Structures are given as C-alpha cells and as structure tokens.
Amino acid sequence: MSAISQIAAVSAMNVRSLPQRLGTSSVVVIGIAGVVAVLISVLAMSAGFIRTLQKTGPESRAIVVGTGASTELVSVLSKDSVSLIADSSGIAKGANGQPLASAETVLIVNLNKRNGDEASAPVRGFTDISFAVHPEIKLTQGRLFKRGLTQIIVGKSAQRLYRGIDVGSQIKLQDSIWTVVGAFESNGSARESELIADEQTLNSAFHRGSGASSVWVVLDPAGGFQPFKDAITSNPRLQVEASTEKDFETNQSDQINRILSLVAYVLGGIMAIGAIFGALNTMYSAVSVRSREIATLRAIGFGPVPVVISVLLEALLLALMGGLIGALIAWGLFNGLSVDSVGGGFGGQLIFELAVTPELVAIGFLWACGIGMIGGLFPAMRAARLPVATALRAA
Amino acid sequence: MKYFVLIWAGLWRKKTRTILTMLSIMVAFLLYGLLQGVNQGIRATLNDTTNSRLWTSSKTSAGISMPVSLLEQMKTVKGVTSIAHLSFFGGFYQNSKNPVSVFATNVEGLAAVYPELRITAEQISAMKATRTGALIGRPVAKKYGWKVGDKVPIGTTIWIKDDGLNGWAFDVIGIFESEPQFAASPLSSAFWINYDYWDEARRFDNHRVQQFITRIDDPTHATAISAQIDKLSSNSSDETHTQTENAALQSALKKIADIDFIVNAVVYAVMFTLLFLTANTMMQSTRERIPELAVLKTLGFPSSAVCALVLFESGVLCLFAAMVGLLLSAVAVKIIGSSVGATIVPSTVVGYGVLIALVLAVISGLPPALRAQRLNIVDALAGR
C-alpha cells in the first residue's frame, strides 16, 4: 500500500470515529472558536475605523494643513494663507468659475453620550463653497444653517451617539446657544461623526480670528494631485503641506490601528496558549483511547508517518471547525456594530462600524491551524512511537 | 484529611491530562485577573475623589483656552495651595517627524504643584532671568542631544509670532530629572517655556491659557474645592470644568474604547471555553475509573464519600490552578498595569476569581460525582 493511500485510510477511519468522541473533540473546537472570535472581533474594530476614514467623496480631493500638522486640530492657517491656497493652480473650478477650495475650522467640544459618558465631538466650519467641495454631504432632516446665525447641523452617526442634539434642540457651546437645525449623511465617511456650522460664526464664537484649520480642494481632473502639490510647495509665502484625502485620512488611523492590533494579538496570544493546552489534552486522549487500533495498524504494516499525519489531520480538521465557528460568532455578534473611539490623530470621537473583513477571517483561520498543528503534533508523535506489543496487550 | 491521599492519587492518575488541564485553567485565570485587574484599577482611580491635584479646563472642550486672569480668582478659594497653568504649544524639531511636547507655563507654580518633577530653585530663577528660556526633561534632552546653553529652534503648526512667522527658538537653561516613579508621565519629558514671553510674542489667543492645575491642602476636599473653582466662572463666557487629576486622565482613556465591554466579552468567552474543557476532563477521568470507584464502594466507602471524593478532586484541581493563575496576573498587572493607572489586582477581583473557580469546580465535578455516587457495584465491576 502506498503512503498516501495509507494516510487516507487511517485519516478516514479517524474522522469516521469522531462522532464517538464528540465530547472531547468539541474541547478543541470550542477552545479555538474562542480564540478566533476574540482575535477577529478586536481586529474588526481597527478595520472598521480604517474603513470609515477611507470613505471619501466622489471627486479626488486634497487637504492642506500647516507644515507639521498631523491633524486638522493642531493646524492653523492664516487668512492670507487660505486665499493663497485657493488661488493656486491645479484646483477644479465650480459652476460660477470659483475655485473649489473650502477653508474649514475644526475644533472639539464636549458632548455627553446617550449613556452619560463624556465625549469629544468635532465641530467643523463650512462656507458656501464647502458643500460643492463635499457634495456627498446631504441633508436628511431639517434644513441648513443660515450664515451668521448660531445654527448647526449634525452628522447621522453623531446624532445617534450624543444626547441633546436632536433637530430642534439647543446646545450651549462656549458663550453662545446653538440651535440644531438639521441632520446630514455623508456616504458613511468620518464627517458623519461631526457637527457642521457656519465657518465665520464658529470662528467668532470661539475667538478664532479669520483663519482656518485646513483647506479642502477638489483637484483639477486634468492634472491630478502632483501639479497642485507642486504649486503649494513652491510658493515661498506658504508654510503648509498638502496630501491627498486618502493619504491624510489613512495617517489618522495609524495610532489606533497599532493599539488595537497589540490588544488583539496579546489577548489572542494568551488565549491561544490556553487553547493549545486544551487541544493537546484532547488529542492525547484521542490517541490513548485508540492505542489498540493504532497498534493493530502498525502490526499489519502501516508506517509511523501515516499515523502521525492522520492525527495531525484530525487536529487540523477540528481546528478549522473551531476557526469557522469563531469567525461566525465574531461576524454575527459584531459585524456592523456601531462603536466610537477617539482615534489617535483624529482627535474627536470617531463613530464607526466594526468590519469583519475576509482578510481578518483568513488571519483567524491561520491562527486556528497553528493552534491545531501544535496541539496535534506531540500526541501524533506519541501515537507513532507507541510500542506495538504493549499497546496490543493493554485492555 | 485522611482522604487527601485518595484525592491526590486520583488527580495524578494521568499526569499529562491533569497538568494540561491545570495549565489551561491557569491561563484562563491569568487573563481574567489581568483584564479585570486593569479594568477595576482604572475604575477605582476614575472614582477616586481624594486627589491632591485638580485639573481645570474649559467646560466647552479641553482644547479651548480660558482667561489667565482666572488664576488670581482661584487663589482665593480656600484650600488651594498653589496653581500652575499650561498651554499646548504643539512643537516639533526640524520637521513634524520629531515632535517635542512644548508647554508654556508659570514655572514657579509648576514646581510647586508637581514636586515630583524636582525642579530646583536655581532653575526657577534661571527661567525668570531668561525670557526665552526653556526647562527641559532629561528624556527629551537625551533624545535630541540638547545641553544647557543651547539655542533650540522649535517649529509649530499653530502659533504664529507677532512678526507673522512661526519660527520660535528657546534657550535651554536647565534640564530637570523627575522622580523615577513619575518618569512615565508626559510632564517628565516636556519642554517647558515661559508663558509670559510666549503670550507676548504670539499673535492670537493672548492672555489665555489651556489648563490650570491646582494643588490643594486636603485631598478629601477635592469635590468641594472643584465645585468652588467652577463657580468662579459660572455664567461667564468661559465656564470651567474641574476634576481630579486621576479622573481627568481616566476619562481621556475611556474615550478611546469601551473597555468594560471588551473586558467582559473576553472574560465570558474564556470562562465558557474553560468550563467546557474542565467538565470534559473530569467526566473523562471519572469514566475511566469506574471499576476503581466500585472497588472503593466494595471496601465499604459510603456512596456519599465516593461522591465527595470526585467533587473534591475537581475542587482541588480548579482552585489550585486558579490561585496560580491569579498570582501570575498580579505579577503581570504590577509590570504592565502602571501605564494605565492600575498596579494591584483588587481584592474583590481575587475574591470573585476564587468564587468562579469554585463554581467551575462544582459544575464540572458534580455530574461525574453523582454518577460515582449512583454506581452499582456489581455492574461496575463487571464492566457493564
């Protein structure tokens, strides 16, 4: 008999006898399912955060902030800089020939979540042109703020998270009372976590002068990003840096991504050690229950390799089942769950949905296989080394 | 006690199995103690109202400034012994890849509020003598190789000077070395500059500061003093929000993630898995020993004693492993917990841990124990 057909025969025998060992075998499955579920769920948080930041509008846009600023919150652009940026080449023109450049002030205000926790909500200032620069922002409720009035519109996610900002309600920010006049959605992007008000009104209410935090521009489709970037960097009167919207938002997620990955791998790692012990236990007992069968096989001419491989295959099969169940648990419980976090560079509370992506499921299965392999290896070796005569004589 | 030998022998009947089961219980309780220990530690500091330092920031948002004139009013509050204020400068050296945490402050107040920083009297007078002076923490001095007497150019993304430029330069007048146990604080590696100079030289937001830190004489009065400080500015255009230093730090941490939820979810997942594993081991071990248990009964052991034997065996297994796991978690929390404000596993967490171990022992030990109790001697000996 060839090695392969030996392996197939022994493995098939093992698998067929699995139902008789349902109790012990399920220890491997459930142990691994736990590890995979925790690992995938925490990583799904990171993936959801990144996904929300990377949702962008239909046009290709760029953002300009002060040199060295990693977020809009720590960037201050003077009024002169703002107009110099808007006059640069490489910017698409709007319907009336105006450059599509939107100077926006971003600041953070304290709001309470519906559960009472304190949170940091970003408030953004918009001018008339801003809505043409961000066409994905659409009112879903109420109306727009009027220029010069302390009125504010709230993002869909923000509205769900915070209390006291339903349309029609009033909030006190600094020394003025703001009326919530509408709510908006924005294609699931980070803007939905924010509140938007009139730029000038916001600046004067918060004594911010006439500058802005950032300038968002729609790039001229003819040239793309490079000509605009060159125009900005070559102007000696500007101390600013430009990045594409995508690059900028990706950088914002770096820090939280690192923290969450650390948590996921440390927790998952410790749990995996526990699961390996469980798997070892199960596989050792699977081998010991069958020591007579294994010895019989060896006696009639089966080699040690098919025995080792068959035990490993059984462990792997159980591990894959565990991985599948773990992934399903993570997906069923958490995929699409809305959570919020002050994400590293983002500064304010970003509201996002957990995303169980195919890559994460693949990572989960990889871990499951790893645990299964380690848990199966030593028992498999014991099975192969079993002294045939003693095992046959054993009751 | 005379049965202990039997319990012991039962446990070590299959060494590998017992050791592996113990190891997985240990890992589970290590995780439990670690997660709950850190979580409860955070919660304890969050609720800690007895704190000798209070942080005051704008009620609207920590990023919004308050008039510096509030300082004189705060001095009148009874119980306040010293006040520091600080403002975020957001600096970098050469380029944004090299951030430097520059804060503008009143150095004398800072030294009084944070004796942990070990700022000397000479350093305070040197700061007063040099308007463009900077007092820097040892870590930042080491990182960029700055020495006393150096003139350090610092870039900023926020603060434009009166001349319309944002190139600032400061003279390093001193390097301070904080207490070792305070070294993890960002304040220990900060780059402190004179508020008065900076405020005069910057173009906007003048006469305002970002944060006040107050030292109070009696930590138990923290809540009352906080309320009094906030009362000073109530109904003004710059209302303040004062809380203890610990509470402020922890509420910042809480904004990052719903730690409670994550911790509980993981602990439930781990405990469920564990229950399954231990119950299985116990059942398997009893099943294999049915003839032996029957022999015990034949020798005259009452059914209840056989039942208790099996139950105690699972109890010893679970409790011993759980204790070791909790002990390991205490060590782990001591090592890594300080970064989030937890240094010991609270006794309630340990208590609950032991309770969980007991429940685990009963749930996994009871079915096989009952089976052992109901054992029919003749059938069991005959292997039926």
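Structure above, values below:
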{"quantity": "Residue check for B:ILE158: assigned to a loop (DSSP other than H, G, I, E, B), touching a helix residue (DSSP H, G or I) at 6+ places or on another chain (Cβ under 9 Å) and away from chain A (no Cβ under 14 Å)", "calculated": "no"}
{"quantity": "Selection within segment A:307-332 - surrounded by 23 or more Cβ atoms within 10 Å (Cβ to Cβ) and closer than 18 Å to A:ALA391 by Cβ", "calculated": "A:VAL307, A:SER310, A:VAL311"}
{"quantity": "Residue ID - nearest to A:VAL64 (Cα to Cα), chosen from residues in segment A:223-250 that are within 14 Å of another protein chain (Cβ to nearest Cβ), out of contact with any helix residue (DSSP H, G or I) (no Cβ under 7 Å at 6 or more places or on another chain) and part of a loop (DSSP other than H, G, I, E, B)", "calculated": "A:GLN239"}
{"quantity": "Strands (runs of 3 or more DSSP E) completely within segment B:1-118 that count 3 or more residues being more than 19 Å from B:ASP205 (Cβ to Cβ)", "calculated": "B:53-58, B:80-88"}
{"quantity": "Among the residues listed as B:THR244, B:THR223, the single one being surrounded by fewer than 21 Cβ atoms within 10 Å (Cβ to Cβ) and outside the structural domain of B:LEU366 (by TED's automatic domain parsing)", "calculated": "B:THR223"}
{"quantity": "Residue match in segment B:201-213 (condition: within 10 Å of chain A (Cβ to nearest Cβ) and within 30 Å of A:ALA37 (Cβ to Cβ))", "calculated": "no"}
{"quantity": "Among (1) within 14 Å of chain B (Cβ to nearest Cβ); (2) aliphatic (A, V, I, L, M); (3) surrounded by 15 or more Cβ atoms within 10 Å (Cβ to Cβ); (4) not in a helix (DSSP H, G or I) - the single one A:VAL181 does not satisfy", "calculated": "(1)"}
{"quantity": "Checking B:LEU11 against (1) in contact (Cβ under 8 Å) with a residue 24 or more places away in the chain; (2) under 29 Å from B:SER234 (Cα atoms); (3) away from chain A (no Cβ under 13 Å), the condition it does not meet", "calculated": "(2)"}
{"quantity": "Strands (runs of 3 or more DSSP E) lying entirely in segment A:135-174 (those with 2 or more residues that are without any contact (Cβ under 8 Å) to a residue 12 or more places away in the chain and more than 31 Å from the chain's Cα centre (by Cα))", "calculated": "A:170-173"}
{"quantity": "Check on B:ILE25, touching a residue at least 12 places away in the same chain (Cβ under 8 Å), within 25 Å of A:MET271 (Cβ to Cβ), more than 8 Å from every other protein chain (Cβ to nearest Cβ) and surrounded by 19 or more Cβ atoms within 10 Å (Cβ to Cβ)", "calculated": "yes"}
{"quantity": "Residue in segment B:176-193 that is more than 22 Å from B:ILE154 (Cβ to Cβ), charged (D, E, K, R) and either out of contact with any His (no Cβ under 7 Å at 6 or more places or on another chain) or buried (at least 17 other Cβ atoms within 10 Å of the Cβ) (or both) present", "calculated": "yes"}
{"quantity": "Condition met for A:ARG51 (more than 12 Å from chain B (Cβ to nearest Cβ), of a type in the set (D, E, K, R) and within 30 Å of A:LEU333 (Cβ to Cβ))", "calculated": "yes"}
{"quantity": "Residue within segment A:251-269 that is touching a Lys or Arg at 6+ places or on another chain (Cβ under 8 Å), assigned to a helix (DSSP H, G or I) and farther than 30 Å from A:SER189 by Cβ present", "calculated": "no"}
{"quantity": "Filter pass, A:VAL287 being crowded, with 18+ Cβ neighbours inside 10 Å, within 30 Å of the chain's Cα centre (by Cα) and either more than 11 Å from chain B (Cβ to nearest Cβ) or touching a residue at least 24 places away in the same chain (Cβ under 8 Å) (or both)", "calculated": "no"}
{"quantity": "Number of the condition not met by B:GLY337 [criteria: (1) under 36 Å from the mean Cα position of the chain (by Cα); (2) modelled with pLDDT under 90; (3) surrounded by fewer than 18 Cβ atoms within 10 Å (Cβ to Cβ); (4) not aliphatic (A, V, I, L, M)]", "calculated": "(3)"}
{"quantity": "Of all residues making up segment A:187-222, the number that are under 20 Å from A:ALA242 (Cβ atoms) and in a loop (DSSP other than H, G, I, E, B)", "calculated": "6"}
{"quantity": "Evaluation of A:ASP117 against (1) farther than 30 Å from A:GLY274 by Cα; (2) touching a strand residue (DSSP E or B) at 6+ places or on another chain (Cβ under 9 Å); (3) within 14 Å of chain B (Cβ to nearest Cβ) (one fails), failing number", "calculated": "(2)"}
{"quantity": "Test: residue in segment A:60-72 that is in the same structural domain as A:LEU320 (by TED's automatic domain parsing), under 24 Å from the mean Cα position of the chain (by Cα) and at pLDDT 90 or above", "calculated": "no"}
{"quantity": "Unique match (being surrounded by fewer than 22 Cβ atoms within 10 Å (Cβ to Cβ), more than 10 Å from every other protein chain (Cβ to nearest Cβ) and either more than 21 Å from A:SER261 (Cα to Cα) or in contact with an Asp or Glu (Cβ under 7 Å, 6 or more places away or on another chain) (or both)) among B:LEU293, B:LEU249", "calculated": "B:LEU249"}
{"quantity": "Pick from segment B:252-270, criterion surrounded by fewer than 19 Cβ atoms within 10 Å (Cβ to Cβ) and among the small types (Gly, Ala, Ser), ranking: nearest to A:ILE256 (Cα to Cα)", "calculated": "B:ALA252"}
{"quantity": "Selection status of B:ASP230, surrounded by fewer than 20 Cβ atoms within 10 Å (Cβ to Cβ), acidic (Asp, Glu), closer than 21 Å to A:ASN110 by Cβ and away from chain A (no Cβ under 13 Å)", "calculated": "yes"}
{"quantity": "Pick from segment A:74-90, criterion assigned to a loop (DSSP other than H, G, I, E, B), of a type outside the set (Ser, Thr, Tyr) and more than 10 Å from chain B (Cβ to nearest Cβ), ranking: nearest to the chain's Cα centre (by Cα)", "calculated": "A:GLY90"}
{"quantity": "Single residue of segment A:145-166 satisfying the filter (touching a Ser or Thr at 6+ places or on another chain (Cβ under 9 Å) and among the β-branched types (Val, Ile, Thr)) that is surrounded by the fewest Cβ atoms within 10 Å (Cβ to Cβ)", "calculated": "A:THR150"}
{"quantity": "Check on B:PRO115, away from chain A (no Cβ under 12 Å), modelled with pLDDT under 95 and over 20 Å from B:SER57 (Cβ atoms)", "calculated": "yes"}
{"quantity": "Residues that are under 30 Å from B:ASP163 (Cα atoms), at pLDDT 90 or above and surrounded by 15 or more Cβ atoms within 10 Å (Cβ to Cβ), drawn from segment B:202-220", "calculated": "B:ARG208, B:VAL209, B:GLN210, B:GLN211, B:PHE212"}
{"quantity": "Residues satisfying the stated conditions in segment A:1-11, i.e. over 20 Å from A:GLY375 (Cα atoms) and in a helix (DSSP H, G or I)", "calculated": "A:ALA3, A:ILE4, A:SER5, A:GLN6, A:ALA8, A:ALA9"}
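Residue-wise test of (1) within 26 Å of A:SER186 (Cα to Cα); (2) buried (at least 19 other Cβ atoms within 10 Å of the Cβ); (3) of a type in the set (Asp, Glu); (4) touching a Phe, Trp or Tyr at 6+ places or on another chain (Cβ under 8 Å).
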{"site": "A:ALA299", "(1), (2), (3), (4)": "no, no, no, no"}
{"site": "A:VAL305", "(1), (2), (3), (4)": "no, no, no, no"}
{"site": "A:PHE334", "(1), (2), (3), (4)": "yes, yes, no, no"}
{"site": "A:SER341", "(1), (2), (3), (4)": "yes, yes, no, yes"}
{"site": "A:LEU354", "(1), (2), (3), (4)": "yes, yes, no, yes"}
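The values are calculated or read from the model by the stated rules, or taken from the named source; none is laboratory data. Bear in mind that the values here come from a model prediction, so they are computed numbers and not experimental data. With ideal geometry, Cβ positions are generated from the backbone for all residues, glycine too; neighbour counts draw on all protein chains shown.
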